[in-house]
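Asker: Here's a structure for you.
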Amino acid sequence: MTCTELLLASALLHAVWNLMAKTERIAPVFFLQVALVIAVLGAGPAAWGVVHGALPGQAATWMVAAAMLKALYLLALTLAYREGDFSVVYPVAKGLTVLLLAFVDVWRGRIPYGPGIALVVAGCMAVSGRAPQRWLTLTALAGAAYLACDKVAAEHLALGPGATATYGVCQFAVLAVCYRLLVRQPVPPFSDRTWKTAGGAALLVFTSHWLAVWASQLTPYASYVAAVRHVSIVIGVALSAVVLREAAPVRRLAASAAILMGVISLR
């Protein structure tokens, strides 16, 4: 598969698992279940990969940092979905994440495209009236930080799907520990129906992450990776209009399209 194909597949899966998280009205402990499913089912292949050098020291260091930040991101995202509409939370969270990365670019002396910032801000403002502001802010902060860590870690991995899959499983194993420290809810018994949902979500979450990390190895341009992945903004809002029947689909689709256009021009 080409880099573009990997990223488009990742974007679609990302939008679908986020929609699932909203539709199922999940409890915060749900993503602990997802992480445990990934860690347990992938333990054997990942252990083989680590033994054969698929996870070098520098990549492992950034992986642990990314896992800690992603645990915070998933918890904040869960709480945001409990308080706000999907077609508001999803595009605004992703748009704010890119804005934060744009500020990092400015700090590093890389001035982003001005009209792109304006489009993202306008799109976020158009749909953010009913948004859970505190959780969206935390989601964006943690999301920008973990994505940056993932990108650096990918640069230290061997090229190909094997090393990136090992990286993903190990990250979710560490994430499970970190998430458990954040969420003190009891884990449901294995007979609970939520484990079936968690199993399906685990496949989507892991595959989306794995494809994105793998694709980032196939291009020297991090901006290209970010731009293509954010196609999921419009995909997610379009799906929410059909599945969730949320209000003002045209306005929210237009705002999401503005955010996407801004993101692409920013990166």
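The values are calculated or read from the model by the stated rules, or taken from the named source; none is laboratory data. As the structure is a computational prediction, the values presented were derived from the model and not from experiment. Don't worry about glycine lacking a Cβ; one is built from the backbone with ideal geometry, like all the others, and counts go over all protein chains shown. Only protein heavy atoms, including side chains, enter the accessible area calculation; ligands, DNA and RNA are left aside. Shrake-Rupley method; radii C 1.70, N 1.55, O 1.52, S 1.80 Å.
Asker: MET1 versus ALA43, label points 7 Å from Cα toward the beta carbon: distance in nm?
Answerer: 2.8
Asker: Sorting check: for 3-11, 168-176, 198-206, which peptide has the highest mean count of neighbouring beta carbons within 10 Å, and how do the rest follow?
Answerer: 168-176, 198-206, 3-11
Asker: Label LEU182 and LYS196 with points 7 Å out from Cα along Cα→Cβ: what is the distance between them in nm?
Answerer: Going from the LEU182 label point to the LYS196 one covers 2.8 nm.
Asker: I would also like to ask the following. Where only protein heavy atoms count, and the probe is 1.4 Å, what is the accessible area per residue for region 1-55 in Å²?
Answerer: 44
Asker: If you rank ARG180, ARG82, ARG229, ARG245 by how much accessible surface each has, with a 1.4 Å probe, what is the order from largest down?
Answerer: Largest accessible area first, the list is ARG245, ARG82, ARG180, ARG229.
Asker: Continuing with the same structure: By a straight-distance test (C-alpha under 19 Å), which lysines pair with LYS22 as possible cross-link partners, with residues fewer than eight away in the same chain excluded?
Answerer: Here the lysines satisfying the reach criterion relative to LYS22 are LYS70, LYS94, LYS196.
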